[in-house]
Amino acid sequence: MGRAYQNRKESMAKTAGAKTKVYSKYGREIYVCAKNGGDDPNGNLSLRRLMDNAKKDQVPSHVIERALEKARGSGGEDYATARYEGFGPAGCMVIVDCLTDNGTRTYNDVRVCFNKNGSKLGGPGTVAHMFDHQAVFVFKGDDEDEVLETLMMADIDVTDIESEDGMITVLAPHTEFFKIKTALSEAMPGIEFEVDDISYEPQTTVSLTGDDVEIFEQLLDALNDNDDVQKVYHNAELEA
């Protein structure tokens, strides 16, 4: 699972576009999160996670602060969440999460991305039931038993722990995210997380080879180039 997760993470990040587009996506998501749940990261844990990830992805502090300032104002854009699900080449499954101020436009744009890249957009619930909403942590280490004991002592529900190539991957229900991060940080001072995020993890994977790899990468390129698209989850494993 560790290597598989990293591969999916890399394939999602690979086509994230220019830095300005990444900044824009974070800015929009931070704005919406702060607008809905408050601009204090100590009281809005989802905002804290977003801000931590933004800093990890080297989003400048002025971009984060501008989004927070906008959320503190009385006006601003009115964004809504939208999720689209479908199938890519070789039947791989894709979930596209968006923030949009025009649902009709976003739906049409996402549909075009699928149609032009050997893929098919489905209806709500088409593939989401084949993914688990998980907290994901990846960090250096090789003693998975010690990590498991640490988390069990903190009364944390864990889905899976794997050690591979000097890296440990922890999967748990998304509701356990901050409990896990706190427990690991206290037990392992100085720990640096390669990944600490909440994701939709596929229950099964599909290996793509040959032309399907190029087609799928073009689909990811098209989706991530859309300003309304925030996250793309999939169950494809790309082989050279």
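The values are calculated or read from the model by the stated rules, or taken from the named source; none is laboratory data. These figures come from a predicted structure and were not determined experimentally. Virtual Cβ from ideal backbone geometry, glycine too; neighbours counted across all protein chains shown. Ligands, DNA and RNA are stripped out before the accessible areas are found, and what is left, the full protein with its side chains, is counted by its heavy atoms. Shrake-Rupley method; radii C 1.70, N 1.55, O 1.52, S 1.80 Å.
Quick look at the values:
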read-out: Among (1) within 28 Å of residue 90 (Cβ to Cβ); (2) touching an Asp or Glu at 6+ places or on another chain (Cβ under 7 Å) - the single one residue 181 does not satisfy; value: (1)
read-out: Only listed residue being of a type outside the set (Ser, Thr, Tyr) and in contact with a Leu (Cβ under 7 Å, 6 or more places away or on another chain), chosen from 66, 28, 72, 49; value: 28
read-out: Filter result for the condition that a residue is surrounded by fewer than 20 Cβ atoms within 10 Å (Cβ to Cβ) and modelled with pLDDT of 95 or more, over 57, 97, 52; value: 97
read-out: Wholly within the range 114-229, strands (runs of 3 or more DSSP E) carrying at least 1 residues that are open to solvent by 60 Å² or more (accessible area, probe 1.4 Å) and in contact with a helix residue (DSSP H, G or I) (Cβ under 7 Å, 6 or more places away or on another chain); value: 131-140, 160-164
read-out: Verdict on residue 107 being hydroxyl-bearing (Ser, Thr, Tyr) and either open to solvent by less than 60 Å² (accessible area, probe 1.4 Å) or in contact (Cβ under 8 Å) with a residue 60 or more places away in the chain (or both); value: no
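Residue-wise test of (1) in contact (Cβ under 8 Å) with a residue 40 or more places away in the chain; (2) of a type in the set (Ser, Thr, Tyr); (3) more than 29 Å from residue 221 (Cβ to Cβ); (4) open to solvent by less than 40 Å² (accessible area, probe 1.4 Å).
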site	(1), (2), (3), (4)
22	no, no, no, yes
31	yes, yes, no, yes
69	no, no, yes, no
83	yes, no, no, no
